[in-house]
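> One structure follows; several queries about it will come next.
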Amino acid sequence: MATTVNNGNVPVSDTQSSTSADPRYEGSTFQYSMLLEHLIGEKRPIKDLNPTVMGGLPNPMKTDDQKMIERGMESCAFKAVLACVGGFVLGGAFGVFTAGIDTNVGFDPKDPMRTPTAREVLKDMGQRGMSYAKNFAVIGAMFSCTECIIESHRGKSDWKNAVYSGCVTGGAIGFRGELTT
């Protein structure tokens, strides 16, 4: 709603006319300017960008022991050992599983009509599990080592390191397979 001032020639909004005509709004204008000064002006307090202030989880300072353990866990040797052990466990489980669903486990090719004993089936499952475990451990260690070397060479830690490492590891496995045939 607009009101007119000066014989109705110039329209002025209600807020403009009420603030200039009514002295009780001068205090609110002053309070508003003080509020702006504290929010975006020179009197604004500088806040520390701490995750706890911004709603995140608290992040206490790390001790020297924690930093040492963190550096050890980020080392190439630890990553390679972890990938080797993890690959061994995963490969063993995968080998036992595939041997369990294979219908030819424990069968003797010389006498196909004979039913294998439980001991022969378990022995074959163990051999297959161990074979898979060794292969997965070697592949895991190769991948982890090449990824660490590529990351150290590039000086970056991003998704490209894993892709390059996968290419190098796959190429090495293919080259190794080419040599044996």
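The values are calculated or read from the model by the stated rules, or taken from the named source; none is laboratory data. Note that the structure is predicted; figures quoted are calculated from it, not measured. All Cβ positions, even for glycine, are placed from backbone atoms using ideal geometry, and neighbour counts span all protein chains on display. The accessibility values were calculated without ligands, DNA or RNA, using every heavy atom of the protein model including side chains. Shrake-Rupley method; radii C 1.70, N 1.55, O 1.52, S 1.80 Å.
> Run the quick spin-label model on residue 62 and residue 117: label points 7 Å from Cα toward the beta carbon, then report their separation in nm to one decimal.
5.7
> Leaving out ligands and nucleic acids, note down the accessible area per residue over region 76-134 with a 1.4 angstrom probe, in whole Å². Write down the numbers at each step before the final one.
On the way: 4170 Å² over 59 residues.
Result: 71 Å² of accessible area for each residue.
> Turning to a different aspect of this structure: Once both labels are modelled 7 Å past Cα along the beta-carbon direction, what's the residue 152-residue 77 spacing in nm?
Spacing of the two 7 Å Cα→Cβ label points: 1.1 nm.
> Just the accessible area for residue 175, please: 1.4 Å probe, Å², rounded to the nearest 10?
My reading of the accessible area for residue 175 is about 130 Å².
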